[in-house]
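Only the coordinates and a few stated rules stand behind these numbers; no lab work does. Here the structure is a predicted model, which is why all the values come from computation and not from measurement. Every residue, glycine as well, gets a Cβ built from its backbone with ideal geometry; the counts of neighbours run over all protein chains shown.
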Amino acid sequence: ERGLSAKDMGRMVLKAPTLLCYNIDTNVRPSVLFLQRELGLSEKETNKVLLAAPTLLGHNSTTSIKPKLDFWREERGLSAKEVGRMVSKAPTLLTYNIGTNVRPSVLFLQRELGLSEKEMNKVLVAAPTLLAFNSTTNLQPKLDFWR
């Protein structure tokens, strides 16, 4: 139905062994459709996201993923298409904790780089993987080098 190869499925199960325990009708299919609908992703793009972060299928779309999407759309003012591009580039973005990881990192970068919110959003849409780096141990030394 999703068009994945046996090798793809094997990679997903290696990353998330409990994937085979999830109920297709109550967990997997609704999560896949939610991601496609909310992020405006094609089936192929959704498959790519799920291959990279199959644990997303174990998250409750309403209580776990939607608040993260709301952060990007409502608090940061990004469009669904922009958030979809970010997630396509960095699927694990939807697994990051907004309060302890994402928001502090965004504010750190925005402050340290002297960027407006709009400029910072542009940087994050282009390179969402920046949020995977620890601000103190990874990004700060790089910024210090350039100063």
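Worth a mention:
- Cα gyration tensor shape for the range 96-147, rounded if a/c is under 1.5, else prolate or oblate: oblate
- Fewest-first ranking of Ile65, Ile24, Ile98, using other Cβ atoms within 10 Å as the exposure measure: Ile24, Ile98, Ile65
- A DSSP coil position with no more than 16 other Cβ atoms inside 10 Å describes the following trypsin sites (Lys or Arg not before Pro) in the range 1-86: Arg2.
- Whichever lysines have a C-alpha closer than 26 Å to that of Lys118, once near sequence neighbours (fewer than 8 apart) are set aside: Lys66, Lys68, Lys81, Lys89, Lys142
- Sorted by Cβ neighbour density within 10 Å, fewest at the top, the residues Leu131, Leu20: Leu20, Leu131
- 5 angstrom amide H check on Leu4, placed H, neighbours 5+ away: none
- Gaussian network model of the chain, springs between alpha carbon atoms under 10 Å - residue of Leu51, Leu39, Leu115 with greatest fluctuation: Leu115
- Using alpha-carbon coordinates, inclination of helix 29-39 to the longest axis of the chain, degrees: 30 degrees
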